[in-house]
1. Could you list, in sequence order, all residues of segment 51-78 that are within 30 Å of residue 123 (Cβ to Cβ) and either assigned to a loop (DSSP other than H, G, I, E, B) or in contact with a helix residue (DSSP H, G or I) (Cβ under 6 Å, 6 or more places away or on another chain) (or both)?
2. Pairs only if they're at least six apart or on different chains, beta carbon under 8 angstrom, first in segment 58-72 and in the same structural domain as residue 35 (by TED's automatic domain parsing), second surrounded by 13 or more Cβ atoms within 10 Å (Cβ to Cβ) and small (Gly, Ala, Ser); list them, first residue then second.
3. Conditions: (1) closer than 30 Å to residue 150 by Cα; (2) buried (at least 17 other Cβ atoms within 10 Å of the Cβ); (3) in contact (Cβ under 8 Å) with a residue 60 or more places away in the chain; (4) of a type outside the set (S, T, N, Q). Residue 41 meets all but one. Number of the miss?
4. Restricting to segment 155-177, name every residue that is part of a loop (DSSP other than H, G, I, E, B) and under 15 Å from residue 82 (Cβ atoms).
5. Among the listed residues 152, 130, 106, which satisfies the condition of being within 19 Å of residue 85 (Cα to Cα), outside any loop (DSSP other than H, G, I, E, B) and charged (D, E, K, R)?
6. Among the listed residues 24, 33, identify the single one that is exposed (fewer than 12 other Cβ atoms within 10 Å of the Cβ) and free of Cβ contacts under 8 Å to residues at least 24 places away in the same chain.
7. Please pick out the residue among 80, 84 that is more than 18 Å from residue 163 (Cβ to Cβ) and surrounded by 14 or more Cβ atoms within 10 Å (Cβ to Cβ).
Amino acid sequence: MTEDQILSLLSSNLLYVLLAVLLIIVILRAVKIVPQSEQFVVERFGRLHAVLKPGINMIVPFLDKVAHRISILERQLPTASQDAITKDNVLVQVETSVFYRITEPEKTVYRIRDVDAAIATTVAGIVRAEIGKMDLDEVQSNRNELIATIKELVEDAVDNWGIEVTRAEILDVNLDQATRDAMLQQLNAERARRAQVTEAEGQKRSVELNADAELYAAEQSAKARRVQADAEAYATSVVAAAIAENGLEAAQYQVALKQVEALNAMGNSPSSSTIVVPANALEAFGNAFNMLKGKT
């Protein structure tokens with residue numbers, strides 16, 4: 001083999017090697033493997049050409065280039081603190097935190113420079129505006145509604161940036177010391193008022209119970225008197241019926257019987273040794289004894 005043939009063979013082999021190397025380079029530049037947590041923004045001649053999704057993608061080597069590698073994982077903004085004035089002119093310091101993720105990288109890349117700063121500024125403005133519409137008590141008691149409103153308004157504001165707001169949180173609402181002291185005094189006054197109201201209600205209830213007890217006792221006494229009156233009326237009617245049936249003699253008999261019983265009781269008394277009876281009573285007792293004898 002001559003020297004020319006050897007040089008020609010080496011030249012052809014070198015060309016094949018260069019072509020193989022070039023082919024490998026072209027393949028490596030054409031094939032792009034995108035991780036699951038990212039998306040690639042591809043530019044062609046400096047302009048947006050495509051957005052590569054996770055997986056294996058193909059581009060045109062030397063014409064296309066991956067200009068931006070965007071993470072689509074959820075992000076959390078650093079906790080921000082901003083001052084706001086409520087509707088009742090109370091200065092509060094609100095601590096907020098926002099979670100978001102990029103859903104359209106082409107908008108995020110070409111429409112906003114600093115995403116975190118832009119979202120933080122938007123959240124601060126919305127928080128101040130919404131708290132300015134509410135009293136301090138409403139801010140404290142309606143925190144969930146306030147968070148939902150802030151999240152909705154932030155979503156509308158960042159929609160053109162290709163961002164989805166996943167969560168918005170109000171971590172704390174702080175007050176200055178003077179306001180805290182005033183609220184503590186108000187709380188103590190409210191507690192004292194409630195205690196007085198409770199005591200007054202207890203006294204009122206006690207009076208009502210006493211009145212109910214007296215009314216019940218009066219009702220029971222009236223019932224007893226009514227029963228006694230009914231009994232006396234019944235006895236009177238029985239006596240009246242006996243007189244009507246047996247005449248005056250039956251009535252005189254009952255009176256004589258009572259007189260004898262009274263005399264017997266007086267005689268049996270241990271403190272009585274002598275009984276003085278009027279003269280006209282003897283005739284009555286005699287009549288009574290005759291009537292009792294006649295009855296027997």
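1. Within segment 51-78, the first condition is being within 30 Å of residue 123 (Cβ to Cβ), and the residues that meet it are 51, 53-54, 67-78.
Residues satisfying the conditions are 51, 53, 54, 68, 70, 72, 73, 74, 77, 78.
2. 58/30; 59/30; 59/50; 60/30; 61/30; 64/50
3. Condition not satisfied by residue 41: (1).
4. Taking segment 155-177 as the starting set, the residues that turn out to be part of a loop (DSSP other than H, G, I, E, B) are 158, 162, 176.
Hit for segment 155-177 is 176, nothing else.
5. Working: 152 fails: within 19 Å of residue 85 (Cα to Cα); 106 fails: within 19 Å of residue 85 (Cα to Cα).
Every option except 130 fails the conditions.
6. Details: 33 fails: free of Cβ contacts under 8 Å to residues at least 24 places away in the same chain.
Going through 24, 33 in turn, the sole match is 24.
7. Among 80, 84, only 84 is more than 18 Å from residue 163 (Cβ to Cβ) and surrounded by 14 or more Cβ atoms within 10 Å (Cβ to Cβ).
Matching residues to (1) at pLDDT 85 or above; (2) surrounded by 10 or more Cβ atoms within 10 Å (Cβ to Cβ); (3) more than 30 Å from residue 123 (Cα to Cα):
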residue: 177; (1), (2), (3): no, no, no
residue: 180; (1), (2), (3): no, yes, no
residue: 205; (1), (2), (3): yes, yes, yes
residue: 208; (1), (2), (3): yes, yes, yes
residue: 217; (1), (2), (3): yes, yes, yes
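The values are calculated or read from the model by the stated rules, or taken from the named source; none is laboratory data. None of the values given here were measured: they were computed from a predicted structure. All Cβ positions, glycine included, derive from the backbone under ideal geometry; neighbour counts span all protein chains shown.
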